[in-house]
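Notes to accompany the following structure.
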Amino acid sequence: MMTRLEEDHRNARTFARALTECDPPLYHVDLASVETNIVRFCLRVPGLSPTGFCELMEEVSEEEVDTLEQGVRVLMFPHVGGTVRAVWHLGISKEDTQLAIKKAQFVAQRFRLKSARDR
């Protein structure tokens, strides 16, 4: 049986791996650095700050509810060196991790559409 810490680490790695697979590639994660329940990652595009990204992950829009058929609030924190920090802890399940992945993919898609409109 997996300990709570091992489960948190597994969920963090699952999230980190999913960020590297987002289209467009908005996120940069050093997978080798995910050794605990903490994931630090960078945003690959100018114009989206870690603070702005965290705000997008926390807010729920009508567009999100229409697209994902639900609203998902994911709390993350801007961190040192222009990174974002996400932490898994007691009470964050595998299902919660999958919802966080969907939200990160939604934000990446939304940012792609916004960038295309701004061109």
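Simple point charges give the picture: +1 on the Cβ of Lys and Arg, -1 on the Cβ of Asp and Glu, and for the chain a dipole about the Cα centre of about 380 debye. Going 7 Å from the Cα of THR83 along its beta-carbon direction, which residues of the range 1-40 have the amide nitrogen within less than 13 Å of the resulting point? It comes to 28-40, nothing else.
Determine the gain in length on full extension of the stretch ASP23-LYS94; use 0.36 nm per residue of separation and subtract their C-alpha separation, reporting nm with one decimal.
Computed gain between ASP23 and LYS94 is 23.4 nm.
Find the accessible area per residue for the chain; the probe is 1.4 Å, ligands and nucleic acids are left out, and the unit is Å².
On the way: 7190 Å² over 119 residues.
Computed with neighbouring chains in place, this is 60 Å² per residue.
Model label sites at SER33 and GLU55, defined 7 Å from Cα along the beta-carbon direction, differ in position by 2.5 nm.
For the chain, what D do you get in µm² per second when you plug the Kirkwood radius from alpha-carbon pairs into Stokes-Einstein at 4 °C and 1.567 mPa s?
D = 89 µm²/s.
Taking each DSSP H run with n ≥ 4 as -39500 (n - 2.57) and averaging over every residue of the chain yields -16000 deg cm²/dmol at 222 nm.
Test of the criteria: in the range 14-84, which GluC sites (Glu not before Pro) are in a DSSP loop and have at most 13 other Cβ atoms within 10 angstrom of their Cβ?
Details: sites: GLU21, GLU35, GLU55, GLU58, GLU59, GLU62, GLU63, GLU64, GLU69; in loops: GLU21, GLU35, GLU59, GLU69.
For GluC sites (Glu not before Pro) across the range 14-84 that sit outside H, G, I, E and B with at most 13 neighbouring Cβ atoms in 10 Å, the list reads GLU21, GLU35, GLU59, GLU69.
Counting only protein heavy atoms, what percent of the accessible surface of the range 1-118 is carbon or sulfur at a 1.4 Å probe? Summing carbon and sulfur atoms, their accessible area is 54 percent of the total for the range 1-118.
The values are calculated or read from the model by the stated rules, or taken from the named source; none is laboratory data. Fair warning: this is a prediction, and the values are worked out from it, not measured in the lab. All Cβ positions, glycine included, derive from the backbone under ideal geometry; neighbour counts span all protein chains shown. The area values use the complete protein model at the heavy-atom level, side chains included, leaving out ligands, DNA and RNA. Shrake-Rupley method; radii C 1.70, N 1.55, O 1.52, S 1.80 Å.
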